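Q: Let me begin by handing over the structure; questions about it come next.
The values are calculated or read from the model by the stated rules, or taken from the named source; none is laboratory data. What you see is a predicted model; the values in this text were computed from it and never measured. No Cβ is skipped: glycine too gets one built from the backbone with ideal geometry, and neighbour counts run over all protein chains shown. Side chains are part of the model used for accessible areas, which takes the heavy atoms of the whole protein and leaves out ligands, DNA and RNA. Shrake-Rupley method; radii C 1.70, N 1.55, O 1.52, S 1.80 Å.
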Amino acid sequence: MKDHLPLKTIQTMYSRLNIYKTKAQELVDNDAAYPCFCSLSRMELMRKEAIKNRQIFRYDKRCRNIDKREAKERMESGESHAIRFKLVPGMITVHDAVVGESSVDTSLSEGDFVILKSDSFPTYHLANVVDDHLMNISHVLRGTEWFKSTPKHLMMYQAFGWTPPAFAHLPLLLNEDGTKLSKRNDDFRVDKLRAKNYFPETVANFLLLTGGGWRPETIQIASMDELAEIFAIESLAKQSTRLSLFKLNVLNRFYMHYQIKNNRQAFVQTLRQYLIDRFGEEKLKDQTDEYLLFLFCEVPERFNSFGDFADEIGFVWDEPELSWNCKRFASLKNLDDLCEGCCDLVSKEWDASGSRLLRVGFIKNFCESKDVDFRNFFSLVRLCLSNKTHGIPIGQMLFALGKEEFIRRVQRGFQYTRDKLEEYEKNKTSS
């Protein structure tokens, strides 16, 4: 297990091994724990036997009644051993801020459990209790899967003579299909959300709205300070809840619109910095705030985050490579004439509109006049501009790029397509 831990975690554990070893020995001295000399092979045989008999595996307490003097001598001689905590029969009551109050006799379902392994590394049970006490932890908020271990931890606190912290076991957050969150499904990984610039306020509000802790009557985004003030642990959900990427996106869009309306300057500065980090400062230096806001606000319903915006509009600052399959455009005859006619028409309409051209229905009319499939023609134009098959409307791409850049890319892309088609024909003839 240690091989899979981060180096810093391993170094921290090594630096605290003497603390855990001392505390484990303290429990042994107080007759709350004992050394277990059972081999791994014996434990494995017991486990297999329990499975064979369809029973829950429990340690049989073989080493619990070894004479203390004998046990001490065997420990001092260097014989391999672990330290087990003695489970005491009887009901243990857990007061949990989320789950509520419950009582259980752990000794009926489990055997004496290991707190210090034979390699001197602590189990979670010992490290958890010792660290929380030494660090003066007042409240323990952890996943509900640890709820069943809490009675054991309370027994350890009692054996040490320590006052336990307050406990709150939180329900699990699940994928939309009900499965546990995992690295294989990384939609909700913090680094992924940060890379697309989901607002921290949105994510925090989303988690509270999903898992409980806050139940507003209308959709709103509370600040971090407001969340800290209004959070109520009693409102946390008691059952596992499913995370919905759709709901997170709705919330983030709502917050972006709110920021544009109420905190416009801060919003555009954040947007600009995100784009600089992604495309480089040189490509953004001539872009005004008004231009960036226009691009973002023109079709805001398409963008769930700054990452979506950059994916859609990134062609403005990151000219695409010419790399599409040109054979699909073989039906477009006289590409040079089509390109020239289209570009001339765009230039004329752009100038007549006062540089505020957003709709390009005139290109469809041009295609019909040339008896050209306008859908295929538009597909080629889109590839010339962004090398993508889908995206914002062509008219908005024209406005985003401007007349000169639009025409340059179309001419470049049509020439590439023409050259590739000629190459295909040449190869076909020679073969």
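Q: Could you count how many residues in the stretch 166-214 are of a type in the set (D, E, K, R), open to solvent by 60 Å² or more (accessible area, probe 1.4 Å) and either within 30 Å of Leu126 (Cβ to Cβ) or not in a helix (DSSP H, G or I) (or both)?
A: 8
Table: residues versus (1) closer than 28 Å to Tyr291 by Cβ; (2) of a type in the set (Asp, Glu); (3) in contact with a helix residue (DSSP H, G or I) (Cβ under 9 Å, 6 or more places away or on another chain); (4) part of a loop (DSSP other than H, G, I, E, B).
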{"position": "Trp350", "(1), (2), (3), (4)": "yes, no, yes, no"}
{"position": "Arg359", "(1), (2), (3), (4)": "yes, no, yes, yes"}
{"position": "Phe377", "(1), (2), (3), (4)": "no, no, yes, no"}
{"position": "Arg382", "(1), (2), (3), (4)": "yes, no, yes, no"}
{"position": "Thr389", "(1), (2), (3), (4)": "yes, no, yes, yes"}
{"position": "Gly395", "(1), (2), (3), (4)": "yes, no, yes, no"}
{"position": "Leu398", "(1), (2), (3), (4)": "yes, no, yes, no"}
{"position": "Thr429", "(1), (2), (3), (4)": "no, no, no, no"}
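Q: May I pose another question? Go over the candidates Lys148, Lys152 one by one and state the one that is buried (at least 17 other Cβ atoms within 10 Å of the Cβ) and either more than 13 Å from Cys36 (Cα to Cα) or within 32 Å of the chain's Cα centre (by Cα) (or both). Spell out the reasoning first.
A: Working: Lys148 fails: buried (at least 17 other Cβ atoms within 10 Å of the Cβ).
Of the residues listed, the single one that is buried (at least 17 other Cβ atoms within 10 Å of the Cβ) and either more than 13 Å from Cys36 (Cα to Cα) or within 32 Å of the chain's Cα centre (by Cα) (or both) is Lys152.
Q: While we're on this one: Any idea which residue in the stretch 227-266 is nearest to the chain's Cα centre (by Cα), counting only those that are modelled with pLDDT under 90, in a helix (DSSP H, G or I) and surrounded by 14 or more Cβ atoms within 10 Å (Cβ to Cβ)?
A: Leu227
Q: Would you mind telling me which numbered condition in (1) within 22 Å of Phe296 (Cβ to Cβ); (2) surrounded by 18 or more Cβ atoms within 10 Å (Cβ to Cβ); (3) not β-branched (Val, Ile, Thr) Leu383 fails?
A: Going through the list (1) within 22 Å of Phe296 (Cβ to Cβ); (2) surrounded by 18 or more Cβ atoms within 10 Å (Cβ to Cβ); (3) not β-branched (Val, Ile, Thr), Leu383 breaks only (1).
Q: Oh, and also: Does any residue of the stretch 400-412 turn out to be surrounded by 16 or more Cβ atoms within 10 Å (Cβ to Cβ), over 22 Å from Leu292 (Cα atoms), touching a residue at least 60 places away in the same chain (Cβ under 8 Å) and not hydrophobic (A, V, I, L, M, F, W, C)?
A: Within the stretch 400-412, one or more residues are surrounded by 16 or more Cβ atoms within 10 Å (Cβ to Cβ), over 22 Å from Leu292 (Cα atoms), touching a residue at least 60 places away in the same chain (Cβ under 8 Å) and not hydrophobic (A, V, I, L, M, F, W, C).
Q: Can you name the residue in the stretch 75-106 that is open to solvent by 30 Å² or more (accessible area, probe 1.4 Å) and of a type in the set (S, T, N, Q) and is also farthest from the chain's Cα centre (by Cα) among such residues?
A: That would be Ser77.
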